[in-house]
Amino acid sequence: MERMMTGDGRVRTFAECRNRRNRRTLLRVSVVLGVLLAAILALLFCLGRFAGRGPFAPGVAQAKYSPSSWSLIVVNRWNRIPDDYPAPKLTRLSNGESVDSRIYPDLQRMFDDMRAAGLHPEVTSAYRTEAVQRQLLDEKIFLYQNEGASKEEARRQASQWVAEPGTSEHELGLAVDINASGATGTKDSVNEHQWLADNAWRYGFILRYPRGKTDVTGNAYESWHYRYVGAEAAKAMHESGQTLEEYAK
Ligand SMILES: [Zn+2]
(Lines give C-alpha, C1' and ligand atoms only; values in the text may rest on other atoms or scores of the structure.)
Protein backbone atom coordinates (compact mmCIF):
# COMPACT_ATOMS: atom_id res chain seq x y z
CA MET A 1 0.00 0.00 0.00
CA GLU A 2 1.33 3.47 -0.98
CA ARG A 3 1.83 5.86 1.90
CA MET A 4 2.96 9.42 2.24
CA MET A 5 4.28 11.53 5.06
CA THR A 6 2.09 14.49 6.03
CA GLY A 7 3.25 17.86 7.38
CA ASP A 8 2.56 16.85 10.99
CA GLY A 9 4.67 13.80 10.57
CA ARG A 10 1.78 11.35 10.34
CA VAL A 11 1.73 8.74 7.67
CA ARG A 12 -1.40 8.50 5.54
CA THR A 13 -2.39 6.35 2.64
CA PHE A 14 -3.12 8.07 -0.68
CA ALA A 15 -6.75 7.02 -0.26
CA GLU A 16 -6.88 8.88 3.06
CA CYS A 17 -5.34 11.96 1.46
CA ARG A 18 -7.83 11.84 -1.39
CA ASN A 19 -10.69 11.55 1.07
CA ARG A 20 -9.41 14.52 3.06
CA ARG A 21 -9.10 16.57 -0.16
CA ASN A 22 -12.61 15.57 -1.20
CA ARG A 23 -13.97 16.58 2.18
CA ARG A 24 -12.24 19.96 1.96
CA THR A 25 -13.62 20.53 -1.56
CA LEU A 26 -17.09 19.56 -0.35
CA LEU A 27 -16.76 21.99 2.56
CA ARG A 28 -15.67 24.80 0.23
CA VAL A 29 -18.55 24.14 -2.18
CA SER A 30 -21.00 24.04 0.75
CA VAL A 31 -19.74 27.37 2.07
CA VAL A 32 -20.00 28.99 -1.37
CA LEU A 33 -23.52 27.59 -1.86
CA GLY A 34 -24.51 28.71 1.65
CA VAL A 35 -23.28 32.24 1.03
CA LEU A 36 -25.05 32.30 -2.33
CA LEU A 37 -28.29 31.07 -0.75
CA ALA A 38 -28.05 33.66 2.04
CA ALA A 39 -27.48 36.39 -0.57
CA ILE A 40 -30.53 35.27 -2.56
CA LEU A 41 -32.67 35.12 0.59
CA ALA A 42 -31.48 38.59 1.64
CA LEU A 43 -32.29 39.92 -1.82
CA LEU A 44 -35.79 38.37 -1.75
CA PHE A 45 -36.35 39.71 1.76
CA CYS A 46 -35.39 43.26 0.70
CA LEU A 47 -37.57 42.94 -2.39
CA GLY A 48 -40.50 41.87 -0.20
CA ARG A 49 -39.90 44.49 2.46
CA PHE A 50 -39.30 47.48 0.22
CA ALA A 51 -41.04 46.63 -3.05
CA GLY A 52 -43.84 44.41 -1.73
CA ARG A 53 -42.93 41.56 -4.11
CA GLY A 54 -41.97 37.94 -3.72
CA PRO A 55 -42.33 35.42 -0.87
CA PHE A 56 -41.41 37.95 1.85
CA ALA A 57 -43.90 40.63 0.77
CA PRO A 58 -46.04 41.57 3.77
CA GLY A 59 -49.24 40.97 1.72
CA VAL A 60 -52.72 42.02 2.71
CA ALA A 61 -53.62 41.72 6.39
CA GLN A 62 -56.39 39.34 7.40
CA ALA A 63 -59.76 40.85 8.24
CA LYS A 64 -60.98 40.57 11.84
CA TYR A 65 -63.67 37.96 12.15
CA SER A 66 -65.81 36.78 15.01
CA PRO A 67 -68.70 34.33 14.56
CA SER A 68 -70.91 36.43 16.87
CA SER A 69 -70.67 39.49 14.58
CA TRP A 70 -70.33 37.67 11.27
CA SER A 71 -72.36 40.26 9.35
CA LEU A 72 -69.96 43.08 10.26
CA ILE A 73 -66.74 41.61 8.86
CA VAL A 74 -64.81 44.29 6.94
CA VAL A 75 -63.22 42.91 3.80
CA ASN A 76 -61.61 45.38 1.43
CA ARG A 77 -58.34 45.93 -0.45
CA TRP A 78 -56.49 46.28 2.86
CA ASN A 79 -58.20 43.41 4.72
CA ARG A 80 -58.46 40.04 3.07
CA ILE A 81 -60.79 37.21 4.03
CA PRO A 82 -59.20 35.42 7.02
CA ASP A 83 -57.70 31.99 6.45
CA ASP A 84 -60.06 30.44 9.00
CA TYR A 85 -63.21 32.06 7.60
CA PRO A 86 -65.79 29.25 7.45
CA ALA A 87 -67.09 28.39 3.99
CA PRO A 88 -70.60 29.84 3.81
CA LYS A 89 -73.69 27.66 3.63
CA LEU A 90 -75.29 28.80 0.42
CA THR A 91 -78.83 29.26 -0.79
CA ARG A 92 -79.29 29.15 -4.53
CA LEU A 93 -81.45 31.84 -6.15
CA SER A 94 -83.78 31.08 -9.04
CA ASN A 95 -81.32 32.55 -11.59
CA GLY A 96 -78.44 30.34 -10.42
CA GLU A 97 -76.63 32.89 -8.21
CA SER A 98 -76.04 31.94 -4.56
CA VAL A 99 -75.93 33.85 -1.28
CA ASP A 100 -75.05 33.03 2.32
CA SER A 101 -78.20 31.33 3.62
CA ARG A 102 -78.31 33.68 6.62
CA ILE A 103 -79.08 36.70 4.41
CA TYR A 104 -81.58 34.95 2.17
CA PRO A 105 -84.83 35.64 4.14
CA ASP A 106 -84.14 39.42 4.28
CA LEU A 107 -83.09 39.50 0.63
CA GLN A 108 -86.27 37.69 -0.38
CA ARG A 109 -88.42 40.05 1.70
CA MET A 110 -86.72 43.05 0.08
CA PHE A 111 -87.26 41.67 -3.41
CA ASP A 112 -90.92 40.94 -2.67
CA ASP A 113 -91.41 44.56 -1.61
CA MET A 114 -89.52 45.90 -4.64
CA ARG A 115 -91.71 43.85 -6.95
CA ALA A 116 -94.83 45.02 -5.11
CA ALA A 117 -93.61 48.57 -5.83
CA GLY A 118 -93.57 47.78 -9.57
CA LEU A 119 -89.81 47.23 -9.90
CA HIS A 120 -87.95 44.33 -11.55
CA PRO A 121 -84.83 43.65 -9.51
CA GLU A 122 -82.39 40.85 -10.23
CA VAL A 123 -79.29 39.69 -8.39
CA THR A 124 -76.77 39.81 -11.20
CA SER A 125 -73.80 38.68 -9.09
CA ALA A 126 -73.62 37.25 -5.59
CA TYR A 127 -71.35 34.57 -4.12
CA ARG A 128 -68.10 33.96 -6.00
CA THR A 129 -65.36 31.50 -5.26
CA GLU A 130 -61.81 32.83 -5.12
CA ALA A 131 -61.17 31.10 -8.46
CA VAL A 132 -64.04 32.95 -10.13
CA GLN A 133 -62.83 36.24 -8.64
CA ARG A 134 -59.35 35.53 -10.08
CA GLN A 135 -60.88 34.80 -13.46
CA LEU A 136 -62.83 38.08 -13.39
CA LEU A 137 -59.66 40.01 -12.59
CA ASP A 138 -57.65 38.22 -15.28
CA GLU A 139 -60.34 38.99 -17.86
CA LYS A 140 -60.30 42.68 -16.90
CA ILE A 141 -56.48 42.81 -17.11
CA PHE A 142 -56.66 41.14 -20.51
CA LEU A 143 -59.16 43.77 -21.69
CA TYR A 144 -56.87 46.66 -20.67
CA GLN A 145 -53.86 44.94 -22.25
CA ASN A 146 -55.87 44.55 -25.43
CA GLU A 147 -56.38 48.29 -25.41
CA GLY A 148 -52.61 48.73 -25.40
CA ALA A 149 -51.80 49.03 -21.69
CA SER A 150 -48.64 47.37 -20.34
CA LYS A 151 -49.12 44.35 -18.05
CA GLU A 152 -48.36 46.51 -15.00
CA GLU A 153 -50.67 49.34 -16.08
CA ALA A 154 -53.44 46.91 -17.06
CA ARG A 155 -53.23 45.31 -13.63
CA ARG A 156 -53.41 48.70 -11.89
CA GLN A 157 -56.44 49.79 -13.91
CA ALA A 158 -58.23 46.45 -13.54
CA SER A 159 -57.78 46.43 -9.76
CA GLN A 160 -59.75 49.67 -9.54
CA TRP A 161 -62.83 47.78 -10.74
CA VAL A 162 -62.27 44.17 -9.79
CA ALA A 163 -61.02 43.22 -6.34
CA GLU A 164 -57.97 40.99 -5.93
CA PRO A 165 -58.94 37.38 -5.15
CA GLY A 166 -59.37 37.01 -1.40
CA THR A 167 -60.38 40.65 -0.94
CA SER A 168 -63.84 40.67 -2.51
CA GLU A 169 -66.98 40.71 -0.37
CA HIS A 170 -68.58 38.53 -3.01
CA GLU A 171 -66.41 35.67 -1.73
CA LEU A 172 -68.19 36.00 1.64
CA GLY A 173 -71.63 35.44 0.14
CA LEU A 174 -72.82 38.58 1.97
CA ALA A 175 -72.75 40.94 -1.03
CA VAL A 176 -75.16 41.19 -3.93
CA ASP A 177 -75.08 43.23 -7.12
CA ILE A 178 -78.66 44.24 -7.85
CA ASN A 179 -79.80 45.63 -11.18
CA ALA A 180 -83.02 45.79 -13.14
CA SER A 181 -83.77 42.50 -14.80
CA GLY A 182 -82.36 42.53 -18.35
CA ALA A 183 -80.49 45.83 -17.83
CA THR A 184 -77.52 46.40 -20.14
CA GLY A 185 -76.21 49.53 -18.41
CA THR A 186 -76.59 51.34 -15.07
CA LYS A 187 -79.06 53.76 -16.70
CA ASP A 188 -81.57 50.91 -17.05
CA SER A 189 -81.51 50.31 -13.28
CA VAL A 190 -82.02 53.90 -12.08
CA ASN A 191 -85.39 53.17 -10.43
CA GLU A 192 -84.20 49.99 -8.73
CA HIS A 193 -81.04 51.68 -7.47
CA GLN A 194 -83.00 54.67 -6.16
CA TRP A 195 -85.40 52.40 -4.29
CA LEU A 196 -82.47 50.48 -2.78
CA ALA A 197 -80.66 53.68 -1.75
CA ASP A 198 -83.83 54.75 0.11
CA ASN A 199 -84.99 51.43 1.54
CA ALA A 200 -82.35 48.67 1.58
CA TRP A 201 -81.35 49.54 5.15
CA ARG A 202 -84.79 48.45 6.36
CA TYR A 203 -83.83 44.91 5.32
CA GLY A 204 -80.31 44.97 6.73
CA PHE A 205 -78.50 45.95 3.50
CA ILE A 206 -76.28 48.96 2.88
CA LEU A 207 -74.97 50.70 -0.23
CA ARG A 208 -71.41 49.51 0.38
CA TYR A 209 -69.47 51.95 -1.80
CA PRO A 210 -71.11 55.38 -1.58
CA ARG A 211 -70.02 58.46 -3.53
CA GLY A 212 -67.12 60.41 -2.04
CA LYS A 213 -65.95 57.57 0.23
CA THR A 214 -63.42 55.89 -2.06
CA ASP A 215 -60.52 56.74 0.23
CA VAL A 216 -62.33 54.98 3.11
CA THR A 217 -63.76 51.94 1.30
CA GLY A 218 -61.00 51.59 -1.31
CA ASN A 219 -63.70 51.24 -3.95
CA ALA A 220 -65.28 53.62 -6.46
CA TYR A 221 -69.01 54.40 -6.15
CA GLU A 222 -71.14 51.41 -7.12
CA SER A 223 -74.90 52.00 -7.19
CA TRP A 224 -75.57 48.27 -7.56
CA HIS A 225 -73.40 46.67 -4.86
CA TYR A 226 -75.25 45.98 -1.61
CA ARG A 227 -73.85 44.34 1.48
CA TYR A 228 -75.74 42.64 4.26
CA VAL A 229 -74.79 43.97 7.71
CA GLY A 230 -77.97 43.18 9.66
CA ALA A 231 -80.93 45.43 10.54
CA GLU A 232 -79.40 47.23 13.53
CA ALA A 233 -76.12 48.17 11.82
CA ALA A 234 -77.85 49.09 8.57
CA LYS A 235 -80.21 51.46 10.40
CA ALA A 236 -77.35 53.08 12.33
CA MET A 237 -75.24 53.50 9.19
CA HIS A 238 -78.19 54.87 7.24
CA GLU A 239 -78.75 57.50 9.92
CA SER A 240 -75.08 58.43 10.45
CA GLY A 241 -73.93 58.18 6.84
CA GLN A 242 -70.99 56.02 7.94
CA THR A 243 -69.41 53.36 5.77
CA LEU A 244 -68.89 49.84 7.12
CA GLU A 245 -65.20 50.67 7.67
CA GLU A 246 -66.17 53.64 9.87
CA TYR A 247 -69.01 51.86 11.68
CA ALA A 248 -67.14 48.65 12.48
CA LYS A 249 -63.98 50.42 13.67
ZN1 LIG B 1 -70.44 43.74 -6.31
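Odds and ends about this structure:
- Screening D198 with (1) open to solvent by 60 Å² or more (accessible area, probe 1.4 Å); (2) closer than 20 Å to Q242 by Cα; (3) within 16 Å of the ligand (Cβ to nearest atom); (4) not in a loop (DSSP other than H, G, I, E, B) gives one miss only, at (3).
One line per residue, one yes/no per condition, for (1) touching a helix residue (DSSP H, G or I) at 6+ places or on another chain (Cβ under 8 Å); (2) surrounded by fewer than 15 Cβ atoms within 10 Å (Cβ to Cβ):
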| residue | (1), (2) |
| --- | --- |
| E164 | yes, no |
| S168 | yes, no |
| L172 | no, no |
| T184 | no, yes |
| Y203 | yes, no |
| V216 | yes, no |
| Y226 | yes, no |
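- Positions within region 201-211 being charged (D, E, K, R), part of a loop (DSSP other than H, G, I, E, B) and away from the ligand (no atom under 12 Å from the Cβ), in sequence order: R211
- Index of the failed condition, A234 passing every other in (1) farther than 23 Å from L72 by Cβ; (2) more than 16 Å from the ligand (Cβ to nearest atom); (3) surrounded by 20 or more Cβ atoms within 10 Å (Cβ to Cβ): (1)
- Among the strands (runs of 3 or more DSSP E) confined to region 77-146, the ones with at least 3 residues that are surrounded by 16 or more Cβ atoms within 10 Å (Cβ to Cβ) and at pLDDT 95 or above are located at 98-100, 121-125.
- All of (1) in the same structural domain as S240 (by TED's automatic domain parsing); (2) more than 16 Å from the ligand (Cβ to nearest atom); (3) of a type in the set (A, V, I, L, M, F, W, C) hold for A149 with one exception: (1).
- Residue among V123, V132 that alone is more than 20 Å from the chain's Cα centre (by Cα), within 30 Å of W195 (Cα to Cα) and within 16 Å of the ligand (Cβ to nearest atom): V123
- Candidate set from region 155-195 (those that are within 21 Å of the chain's Cα centre (by Cα) and of a type in the set (S, T, Y)); member that is nearest to the ligand (Cβ to nearest atom): S168
- The test for being part of a helix (DSSP H, G or I), assigned by TED's automatic domain parsing to the domain that holds S71 and surrounded by fewer than 21 Cβ atoms within 10 Å (Cβ to Cβ) does not hold for R155.
The values are calculated or read from the model by the stated rules, or taken from the named source; none is laboratory data. As the structure is a computational prediction, the values presented were derived from the model and not from experiment. As a convention, Cβ positions derive from the backbone with ideal geometry for all residues, glycine included, and neighbour counts pool all protein chains shown. Only protein heavy atoms, including side chains, enter the accessible area calculation; ligands, DNA and RNA are left aside. Shrake-Rupley method; radii C 1.70, N 1.55, O 1.52, S 1.80 Å.
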